[in-house]
1. Restricting attention to strands (runs of 3 or more DSSP E) lying wholly within the range 66-123, give those where 3 or more residues are crowded, with 22+ Cβ neighbours inside 10 Å.
2. Within the range 12-48, how many residues are surrounded by fewer than 17 Cβ atoms within 10 Å (Cβ to Cβ), of a type in the set (A, V, I, L, M) and at pLDDT below 95?
3. Go through the range 41-65 and count every residue that is assigned to a loop (DSSP other than H, G, I, E, B) and of a type outside the set (S, T, N, Q).
4. Within the range 1-11, track down each residue that is more than 15 Å from the chain's Cα centre (by Cα) and open to solvent by 90 Å² or more (accessible area, probe 1.4 Å).
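The values are calculated or read from the model by the stated rules, or taken from the named source; none is laboratory data. The shown structure was predicted, so the numbers you read here are calculated from the model rather than taken from an experiment. Ideal geometry is used to build each Cβ from the backbone, glycine not excepted, and the neighbour counts take in all protein chains shown. Each accessible area value is taken on the protein alone, full model and side chains, heavy atoms only, with ligands, DNA and RNA left out. Shrake-Rupley method; radii C 1.70, N 1.55, O 1.52, S 1.80 Å.
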Amino acid sequence: QVQLVESGGGLVQAGGSLRLSCAASGRTFSYYTMGWFRQAPGKEREFVAAIRWTGSSTYYADSVKGRFTISEDNAKNTVYLQMNSLKPEDTAVYYCTISPYCSSASSCANRRQYDFWGQGTQVTVSS
């Protein structure tokens, strides 16, 4: 099994930045895609960004494109989500996840394609 631990969430003002980290351990896949999803109260968990390990492709939801950047550090077995120009609409619990099924990041934007999830980290953006 894969264990995923998110960190880096917090409270920031609109326009601010935050970097989320997701440390993976116990990985059993040779080729995989890691993604970030978020879920606000009363809403469905939605796709944010994905990266094909190791950085061969990335894909972003339109709502975060140009503001968020997903990256990975292979040596640390960690994926990051750099969030800039944050908006109140970005407020949600952010989850890290991994999928062994997708051939590219752009084909892995559906939460049903992911098997393992972290506990989530809260991001709150004040206006």
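1. 78-83, 92-99
2. 1
3. Residues that pass the stated criteria total 11.
4. Gln1, Leu11
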